[in-house]
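What follows is a set of notes on a single structure, which appears directly below.
The values are calculated or read from the model by the stated rules, or taken from the named source; none is laboratory data. Computed from a prediction, not measured in an experiment: that's the story for all the values here. A quick note on method: Cβ atoms are made from the backbone with ideal geometry, for glycine too, and the neighbour counts reach across all protein chains shown.
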Amino acid sequence: MPEPLDRTSRTLSSSSAHTPDLVIATHGLSRHFGYRKAVDDLTISVPRGTIAGFVGPNGSGKTTTIRMLLGLLRPTSGSATILGHAISHPREYLPRVGAVCESPVFYPGLSGRKNLEVLAQLGGHPRSRIDHVLEIVGLDSRARDPVSKYSLGMKQRLGLAMALLPEPELLILDEPTNGLDPLGIIELRDQLRGMRDRGTTLFISSHLLGELEQVTDWLVMILEGNAVFNGPAHELVDRRGELVVEAADPTQLNLVAGIATAAGYRVTWTDSSLRIACPVDWASELQRCSAEAGAMGVTIRAREASLEEGFLAMLRGER
Amino acid sequence: MRAFRSELTKLRRWSVLAGVPAMVAVAVGLSYFGLSHMADPKLEQAAQAIPTTQGLITLVSFPQRLLDTIVVAMVTANVAAEWSQGTLRNLLVREPGRLRLLAGKMLALLLFVAVSASLALLVAAGFVLIAAPSQGMSTAPWVSLSGVGAFVSFWGSELLGLAGVSLLGMLVAVMARSVGTSVGISVAYVLIVEDLVSKIWPDGVVWFPIHLFRYLWGTPSGFTLGAPPMGYTLDVAAALLCMLGFITVSAVLFRRMDVTA
């Protein structure tokens, strides 16, 4: 039987707690709307210089968390720091943060350039910065068109340009690939990596796990307002591999299945093999136990799980 | 200052600028209506003021009730749209000082209202001055020193009253946080609510905000609501107190509220 999900141990088991330079750190952060706990006792951390994926199903509390980090919502309880400053004092850190919260919104009657001008004036950023960010996102040729004539993908690019205005140390993006065509997604991916290489920390909320897998080196998974994983992305993938066991004799597979099930891992039968969802480094232990149980003729192959598989396994509460 | 400049950039939208010709058209149209209906017995009180130094301001005060409705709708829609469109979150990320943001926005809107209302008043006054002789009216008292003084005084009172109406619009927008709801509430209040209250509580309604603001305009001309029963100085003081109340409540609410738009 799968073990009940031990959220606390998973959250704290990551190496994040030992990372000295944290750009985002929350401690028991909660936000309740009446009886509904949108975010509940959330403890996460994001180290400097990483691309951190913020993953969770719809309604899991991602946007509420981002809003609290941006000073738009007050937490019910708990605390958090951004770039070393408490979120109760957003003026201390927001000038160094770029963000797109939910889908990017603009004044439709103004051009893309004018929209950026409004925000540049408000944030005290030089005009030259507007041309620069428009060029980065590839909107310079359409900058004078009214936003009402922009496609969804163009609005996403303008949203990214808006977030880049302050030359941010921390960039918070909510579903940045929405509406982008495949070429746009590839370009965005390269841009995000480039930003990370220049020292910007990125915190990206997305439900497209395949996209995140390509760029993230840190992962925060959230479920029902609580962190179920917080740590290096490879740690989750390593932890969530799969062992494929083959044997000519079905009774030997039965023995192996029994061992895996007793250890709390999910076992799936195929025609002539078993698939065990478990860390790939459990293979040696399985090999040893199988041999002790008399299943000598089994072949065990390890296969690393994708981020999506890891996430789904986490949601199902598998060990 | 940054919020003020940023708001000025936004006001250069066609949807906002369209309010200026609308105000000018209303001012000219209703002033002309007054000019051409002076023989109407219902306008006897206004007709008596025409040959005096109060003649010009009597005619240009015809559109004021409609102008304050346009202004309250414009300001309310502009402020509430930041919630309805969701653009408020962009603004607050770039300017987390909420009071600075609200102050900059309102200063820019008040400037816009003052410029557009002044333009409407001046165009309407120019139109009346040109058209009056054709209706057999003498403009000599209107352009005399005391006539011009009365006009300037009316102009100042109008701007003060419109500032009050604008601040009322801000308060409603901050409370309702939706364009449709807040414009509906503010316009209904300006057009209907106080008039209804005046039917059942005529003595008390004179201290209500819209009455206080409209008494400001009525003071020099004796038109619209007429002279304030509590006296002009007390009316100004009460109107200013009212505005201060609107600012305080809006600031407290805006500073503390969650932004979920």
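Only one of (1) more than 9 Å from every other protein chain (Cβ to nearest Cβ); (2) on the phi < 0 side of the Ramachandran plot; (3) of a type in the set (A, V, I, L, M, F, W, C) fails for A:ALA99. Which number is that?
(1)
Taking segment B:6-36, which residues are of a type in the set (Gly, Ala, Ser), over 17 Å from the mean Cα position of the chain (by Cα) and within 14 Å of chain A (Cβ to nearest Cβ)?
Those that are of a type in the set (Gly, Ala, Ser), over 17 Å from the mean Cα position of the chain (by Cα) and within 14 Å of chain A (Cβ to nearest Cβ): B:SER6, B:SER15.
What about A:LEU188, is it modelled with pLDDT under 90, assigned to a loop (DSSP other than H, G, I, E, B) and either touching a Phe, Trp or Tyr at 6+ places or on another chain (Cβ under 6 Å) or not charged (D, E, K, R) (or both)?
Details: modelled with pLDDT under 90: yes; assigned to a loop (DSSP other than H, G, I, E, B): no; either touching a Phe, Trp or Tyr at 6+ places or on another chain (Cβ under 6 Å) or not charged (D, E, K, R) (or both): yes.
Against the criterion (modelled with pLDDT under 90, assigned to a loop (DSSP other than H, G, I, E, B) and either touching a Phe, Trp or Tyr at 6+ places or on another chain (Cβ under 6 Å) or not charged (D, E, K, R) (or both)), A:LEU188 does not qualify.
Checking A:ASP40 against (1) buried (at least 23 other Cβ atoms within 10 Å of the Cβ); (2) not in a helix (DSSP H, G or I): exactly one of these is not met. Which one?
(1)
If I filter segment B:92-108 for residues that are at pLDDT 90 or above, away from every other protein chain (no Cβ under 14 Å), crowded, with 20+ Cβ neighbours inside 10 Å and under 23 Å from B:ARG214 (Cα atoms), do I get at least one hit?
Scanning segment B:92-108, I find at least one residue that is at pLDDT 90 or above, away from every other protein chain (no Cβ under 14 Å), crowded, with 20+ Cβ neighbours inside 10 Å and under 23 Å from B:ARG214 (Cα atoms), so the answer is yes.
Go through (1) surrounded by fewer than 16 Cβ atoms within 10 Å (Cβ to Cβ); (2) more than 15 Å from the chain's Cα centre (by Cα); (3) touching a residue at least 40 places away in the same chain (Cβ under 8 Å) and name the single condition B:SER134 misses.
It fails just one condition, (3).
Working only within segment A:150-209, note down all residues that are acidic (Asp, Glu), under 24 Å from A:ARG113 (Cα atoms) and surrounded by fewer than 17 Cβ atoms within 10 Å (Cβ to Cβ).
Here is the first cut: in segment A:150-209, the residues acidic (Asp, Glu) are A:167, A:169, A:174-175, A:181, A:187, A:190, A:197.
Restricting the remaining residues to those that are under 24 Å from A:ARG113 (Cα atoms) gives A:167, A:169, A:174-175, A:181, A:187, A:190.
A:GLU167, A:ASP181, A:GLU187, A:ASP190 - these are the residues of segment A:150-209 that are acidic (Asp, Glu), under 24 Å from A:ARG113 (Cα atoms) and surrounded by fewer than 17 Cβ atoms within 10 Å (Cβ to Cβ).
Any residue in segment B:139-150 that is under 11 Å from B:LEU129 (Cβ atoms) sitting within a Cβ distance under 9 Å of a residue that is in a loop (DSSP other than H, G, I, E, B) and among the hydroxyl-bearing types (Ser, Thr, Tyr)? List the pairs, counting only those 6 or more apart or interchain.
Taking only residues 6 or more apart or on different chains, the pairs are B:TRP142/B:THR52; B:TRP142/B:THR53; B:GLY147/B:THR52; B:GLY147/B:THR53; B:GLY147/B:THR139.
With respect to A:LEU160, is the statement that it is farther than 12 Å from A:ALA52 by Cα and in contact with a Pro (Cβ under 7 Å, 6 or more places away or on another chain) true? Give the steps one after another, and end with the answer.
Working: farther than 12 Å from A:ALA52 by Cα: yes; in contact with a Pro (Cβ under 7 Å, 6 or more places away or on another chain): yes.
Yes, satisfied.
For segment B:30-63, which positions are surrounded by fewer than 19 Cβ atoms within 10 Å (Cβ to Cβ) and without any contact (Cβ under 8 Å) to a residue 60 or more places away in the chain?
Result: B:PHE33, B:HIS37, B:ALA39, B:ASP40, B:PRO41, B:LYS42, B:LEU43, B:GLU44, B:ALA47, B:GLN48.
Check every one of the helices (runs of 4 or more DSSP H) wholly within segment B:170-261 and list those with 1 or more residues that are modelled with pLDDT of 85 or more and surrounded by fewer than 18 Cβ atoms within 10 Å (Cβ to Cβ). Before you say what the answer is, go through the steps one by one.
Working: elements: B:179-188, B:194-200, B:209-221, B:232-256.
The qualifying helices (runs of 4 or more DSSP H) are B:179-188, B:194-200, B:232-256.
Condition check: under 15 Å from A:ARG48 (Cα atoms), in a strand (DSSP E or B) and of a type in the set (Val, Ile, Thr). Does A:VAL220 satisfy that? Spell out the reasoning first.
Values: under 15 Å from A:ARG48 (Cα atoms): yes; in a strand (DSSP E or B): yes; of a type in the set (Val, Ile, Thr): yes.
So A:VAL220 passes the test.
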